[in-house]
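Chemist: Below is the structure I would like to discuss, written out as structure tokens.
All of the numbers you see were taken from the coordinates with simple rules; none came from a lab. Fair warning: this is a prediction, and the values are worked out from it, not measured in the lab. Backbone-built Cβ (ideal geometry, glycine too); neighbour counts: all protein chains shown.
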């Protein structure tokens, strides 16, 4: 995938003859996710080499982003100027208006200008994403990149294309505040370039939360200064063929990616797994386990018996030191601690764990896990962060301020919301994008996802922050395969998390998806091509 490629590559995907044949009429724009309201008007705005992007001091950053994106799409280098009026302009303006919230926007286009209004910079940014989709060839049944713009400056070809935007009035804001995708960089490692491309595609479809799975049995992927063996040892494993496999992100690379995401209004939620899925850390520092015996970083997937010892205070000292460095690198509100699939056989045999159970007056090992999570939560809260974990953290009693990510169906989310805890819905049945696209989780099924369970009252439903799609990578070794598993299913999820409930039918979504597949083609995204599946 290349998100910044030349106009020639763009046109190589589409038949030039068909592009030139497109009449310029105006029908409903093919935007994903579907905006709340679209009013269609007559006419079009022409973007040409005389168009100017007008900004204020507060909107200059977004204006420069838009200029770069439009150059990638059209080949046009539009100037960004400080001004608030003019013709043949794209004006980005902040307007204090609570109706927009933090992420809403209004996009008004006429033959003279395009105006994007928002309460906050995030809203302006999402307005720019919709503007980019309005520019796409095939963005409506008859409207697209039409005729007559000279591309000689970017190509030896004499082909002319006209970049037009239909005249519309769009009012839009998201339904949910958490619109997430998760990438597992542990089972297979993905370099900085791909992570940035992953983030760019998220931004395109108005996702705002990147859940980054950074530690696992099969690999520790984040540099921790205090514990260098985590990356010297824990980031590498020996594959079945004897080859060394792995990698990790340096602190500087993490900072670079965090800033890259923030510039696109995406918050990164790091996941540091505990108390289970911790073999890579234990291979680095064996004393973290109950037995203290050396192990290797496993190359085979599955639930491993070696977990952090809950009876040793040194375990918590280690984790608090790790989390301190993680919190320093990630400015977002939440820290994900996993909490899932923790076998307790070693705890049952461990004298220190049994002593902890007795000392803390716990019933069993399930309550020992709850003690573990609650103790970590106290530390995270002291750092002004919130803990979130998979729904297993409900077992034995939920930490007081914790949020729950419900993956084993929706019941965990229902229980948590009824108890007054915030919830992110991410059930395997709709949101696991490592599952087969045809037989298990086709795009039509993803489009049926409803994050708010009907069992919740109106007040309880307020605890549903939103939803998230997850890409576990046990069987996804390369970026191409990752893209193929994510898209276009992520487009369907984006709409379910942004657009009003039941805003459109799946048939309508398919029409808009066809236009967006051209967009993914132009970006060299290796999406799933089986048209029969949608």
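Chemist: How long is segment 199-509 along each principal axis, judged by its Cα atoms, biggest number first, in Å?
Modeler: Sorted from largest, the Cα extents of segment 199-509 read 60, 46, 37 Å.
Chemist: If you take all C-alpha pairs in segment 202-322, what percent of them are over 17 Å apart?
Modeler: Working: 4260 of 7260 pairs.
Roughly 59 percent, rounded to a whole number.
Chemist: Go from 0 up to the bin containing the longest alpha carbon distance in segment 19-118, width 10 Å each, and give me the % of pairs per bin.
Modeler: All Cα pairs considered, the percentages come to 14, 42, 38, 6, 0.
Chemist: Counting C-alpha atoms alone, how compact is segment 291-398: give Rg to one decimal and Dmax as a whole number, in angstrom.
Modeler: Answer for segment 291-398, Rg first and Dmax second: 14.3, 39 Å.
Chemist: Just to compare against my own numbers: the Cα pair-distance distribution for the chain, 20 Å bins, whole % per bin, please.
Modeler: Spelled out per bin, shortest first, that is 21, 51, 24, 4, 0.
Chemist: Now, a different point. Could you work out the helix-only [θ] at 222 nm for the chain, with each DSSP H run of four or more residues adding -39,500 (n - 2.57) and the total divided by the number of residues, to the nearest 500 deg cm²/dmol? Please list the in-between numbers first.
Modeler: Numbers: 19 runs with 182 residues, N = 534.
Value at 222 nm, helices only: -10000 deg cm²/dmol.
Chemist: Report Rg/Rh for segment 61-142, rounded to two decimals, where Rg is the Cα radius of gyration and Rh the Kirkwood radius. Write out the running numbers ahead of the final one.
Modeler: Numbers: Rg = 12.7 Å, Rh = 13.3 Å.
The Rg/Rh ratio comes out at 0.96.
Chemist: What percentage of all Cα-Cα pairs in segment 448-534 are separated by more than 22 Å? Show your work: numbers first, answer last.
Modeler: Numbers: 1436 of 3741 pairs.
For segment 448-534, the fraction of Cα-Cα distances above 22 Å is 38 percent.
Chemist: Then there's this: Sorting 463, 336, 211 on the 10 Å Cβ count, fewest up front, what's the list?
Modeler: Values: 463 19, 336 22, 211 25.
Lowest count first: 463, 336, 211.
Chemist: If you average 1/r over all unlike Cα pairs in segment 311-467 and invert the result, what Kirkwood radius do you get in angstrom? Could you put the intermediate results ahead of the total?
Modeler: Values: mean 1/r = 0.0587 Å⁻¹.
It works out to 17.0 Å.
Chemist: Relative to the first principal axis of the alpha-carbon coordinates of the chain, what is the inclination of helix 121-134, with its axis defined by its Cα atoms, in degrees from 0 to 90 and to the nearest 10?
Modeler: 50 degrees
Chemist: Please report, to one decimal in angstroms, the Kirkwood hydrodynamic radius of segment 393-504 built from all distinct Cα-Cα pairs.
Modeler: 14.8 Å
Chemist: Separate question: Tilt of helix 192-204 relative to the longest C-alpha principal axis of the chain, in degrees (0 to 90, nearest 10)?
Modeler: Roughly 60 degrees, rounded to the nearest 10.
Chemist: I'd like the antiparallel share, as a percent to the nearest 5, of DSSP beta bridges with both residues in the chain.
Modeler: Approximately 35 percent, going by the DSSP bridge assignments.
Chemist: In square nanometres, what is the average projected area of the Cα convex hull of segment 355-429? Don't skip to the answer; put the middle values down first.
Modeler: Numbers: hull surface 20.9 nm².
With the hull built on Cα positions only, its mean projection is 5.2 nm².
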